[in-house]
Amino acid sequence: MGPVLHGRPLPLEPAGSIEINGAARLLETDEGGAVFLYGMATWCFEPGDLVGRRLAAVQLVETRSATPSQVADAFGVDFETIRRWRLAWREKGVEGLVPQKRGAKGPSKLTEEVRSEIARLHGEGLGLRAIARAVSLDPSTVRRGLPLASPSPAPEQEAVLEPLARPERRDAERALARVGLLRGAEPVICEGASLLFAGALLVLPALCATGLLEAFESVFSLGRAAFYSTRALVLALVFCLVVGEARAEGLTRLDPVDLGRLLGLDRAPEVKTMRARMEELAGLSRSDQLFARLAEVHLETHEASCGLFYVDGHVRAYHGTARLPKAHVARARLAMAAEVDTSITDERGDGVLCWTAEPGQSLTGELERAAREIRALVGEQARPTIVFDRGGYSPRLFAELVEADFHILTYRKAPLPTEPRSAFSAHELTDDLGRSQAYLLADRRVRLPYRKAKRRRLFSCRQVTRLDEHTKHQTQILTTHEDL
């Protein structure tokens, strides 16, 4: 629908975070801080890390993710401070953000020789002022050079973490799983000074927000003994994808020990194990239940974004041996054997449901199923809006959707009667990103003919036409909504 509709860009808002603008948020706790950009942790810094905090503020402005004023308000500094940080960063890089040492800029007067003399005079019983006169220094400087009355005990040496530490073997638990006494090994965290792929753990908050792991466990619970639980299998595939391997074969190119650390196990499953377990889960034919459960979680979490649903088809080229109807593949710019996935998203574009359409099925036919799926999710009392493109144009379908208590929003299909220039008036809109949009719109009622039970009928709805002043092109939108 172009710029007429906009959704909020942030899918996640960390609890306790400060809003910088519509795209960015700042979260600071006792454990450190992080900047989230469109819901993703983009920059982070440790507690007391002034350089990291300043760098995060500078990067927000340099990448045009926020204005200097917005960053200054969120980070608790003034506009001039942000300007100085940016200037220092451009001149010296990260080194320019290091806080400058306060106090005297010259060399210290407390040289080793002076400290030795102060210690000697102090041992002879001279007072502070007498020592200051003897070494020609200020008493406050002499005080800093005095030896401590008693040396403080040396702190206990901290345990040094081993780089790339190997997890402990879990042979006993594997044996229990083989005899049917273990249903999924519990994760045990392996600590190390530096661990490969540790950054992949940043995907865990997103998995928690979508409820993917809980949905898999509830839908595909086999109830049989195995060393790798369903949760471990799903996490292994997710981590494999995050580090750049999009298929199960990618497990052969990754060290199983490195991936096992992320799972809390001694090693990740091998390809043959993963294939066997995935084939077992696929044999249950519960993928529709999985998507339905994920859709329920999405609606529970983003209830305000689920009054409007986009329905569309996505064409994928098919290279198998089955005889499938041809479809236009936009990427290849030709018609070829293809599969079509029908997807439903909310008003922000986040996925709600997806399924593979029957071969040769049109979007008009898929809208009927989409309406049933949406109704099952939102309940009988709601009246959501279904948005689709010209592929679903059918006045008869429009009437059926309205009878089923849905609103519709779509384009009108050619041939299109044009509106006279006098019918258009100027309208302004401030979108969710704070940008001002101007439109030339014409608004009127239309009646679209269709046939049902061999009788000619008319579907009445509202038509909003947008005029492009430069090209004189008119875009006509049909809707049952009464608000603009």
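The values are calculated or read from the model by the stated rules, or taken from the named source; none is laboratory data. Note that this is a predicted model, so its numbers are computed, not measured. Cβ placement follows ideal geometry from the backbone for every residue including glycine, while neighbour counts extend to all protein chains displayed. The protein model used for the area step is the full one, side chains on, heavy atoms only, and it has no ligands, DNA or RNA in it. Shrake-Rupley method; radii C 1.70, N 1.55, O 1.52, S 1.80 Å.
How big is the range 134-287 by Rg and Dmax over its Cα atoms, in Å?
Here Rg and the maximum Cα pair distance are 24.9, 92 Å.
So, by mean Cβ neighbours within 10 angstrom, what's the order for 407-415, 260-268 with the highest one leading?
260-268, 407-415
For the range 356-484, what are Rg and Dmax over the alpha carbons, in angstrom?
According to the Cα coordinates of the range 356-484, Rg and Dmax are 16.5, 50 Å.
Please determine, in degrees from 0 to 90 and to the nearest 10, the orientation of helix 230-242 with respect to the longest principal axis defined by the Cα atoms of the chain, where the helix direction is its Cα long axis.
The angle comes out at about 80 degrees.
If amide H atoms are built 1.01 Å from N in the plane of the peptide, which residues on other chains or at least 5 residues away come under 5 Å of the amide H of Ala226?
Placed amide hydrogens put Leu182, Arg183, Gly184 under 5 Å from Ala226.
List the aspartates and glutamates whose alpha-carbon lies under 17 Å from that of Lys452, not counting same-chain residues fewer than 8 positions away?
Filter leaves Glu368, Glu400, Glu403.
Which translational diffusion coefficient, to the nearest whole µm²/s, is obtained for the range 195-350 from the Stokes-Einstein equation, given a Kirkwood hydrodynamic radius over C-alpha pairs, 10 °C and 1.306 mPa s?
Rounded to a whole number, D works out at 88 µm²/s.
Provide the per residue accessible area, probe 1.4 Å, for the chain, rounded to a whole number of square angstrom.
Each residue of the chain exposes 61 Å² on average to a 1.4 Å probe.
May I ask for the Kirkwood hydrodynamic radius of the range 264-332, worked out over all distinct Cα pairs and given in angstroms to one decimal?
16.8
Which value, in nm² and rounded to one decimal, describes the direction-averaged projected area of the C-alpha convex hull of the range 371-432?
Mean shadow area of the hull around the Cα atoms is 6.7 nm².
In what order, largest first, do His473, His481 sit by accessible area if the probe radius is 1.4 Å?
Descending accessible area places them as His473, His481.
Spelling out what I want: for every residue of the range 114-121, take phi, set θ = phi - 60°, compute 6.51 cos²θ - 1.76 cosθ + 1.60 (Karplus), and round to whole Hz; glycine and proline get x.
With coefficients 6.51, -1.76 and 1.60, one gets 5, 4, 5, 5, 4, 4, 5, 5 Hz.
For Lys326, give me every one of the aspartates and glutamates with a C-alpha distance below 19 angstrom, ignoring sequence neighbours fewer than eight places off in its own chain.
Asp312, Glu339, Asp341, Glu358, Glu366
Which of the aspartates and glutamates could be linked to Lys92 by a straight reach, that is with a Cα gap under 14 Å, when you skip same-chain ones fewer than 8 residues away?
Reachable aspartates and glutamates: none.
Normalized C-alpha radius of gyration of the chain, against 2.2 N^0.38 Å?
1.43
Between Ala165 and Gln381, 0.36 nm times their residue separation minus their Cα-Cα distance comes to what?
Between Ala165 and Gln381, full extension yields 72.1 nm more.
Given an 8 Å cut-off on Cα distances and at least 6 residues of separation, report the relative contact order of the range 116-264 as a percent.
For the range 116-264, the relative contact order is 23 percent.
Rounded to a whole number, what % of the accessible area of the chain do carbon and sulfur atoms account for, probe 1.4 Å?
52
Fully extended, how many nm does the chain gain between Leu181 and Arg444 (0.36 nm per residue separation, minus their Cα-Cα distance)?
87.6 nm
For the range 37-96, evaluate the Debye formula with one uniform point scatterer on each Cα (no solvent term) and list log10 I(q)/I(0) at q = 0.21 Å⁻¹, rounded to two decimals.
-0.81
Would you mind calculating the gained length between Met40 and Arg421 on full extension (0.36 nm times residue separation, minus the Cα-Cα distance), in nm to one decimal?
Taking Met40 through Arg421 to full extension adds about 132.6 nm, to one decimal.
Counting only DSSP beta bridges with both residues in the range 338-426, what percent are antiparallel, rounded to the nearest 5?
Rounded to the nearest five, the antiparallel share is 60 percent.
How big is the equivalent ellipsoid of the range 200-267 along its three axes, where each semi-axis is √(5λ) from the Cα gyration tensor, reported in whole Å from largest to smallest?
19, 16, 11
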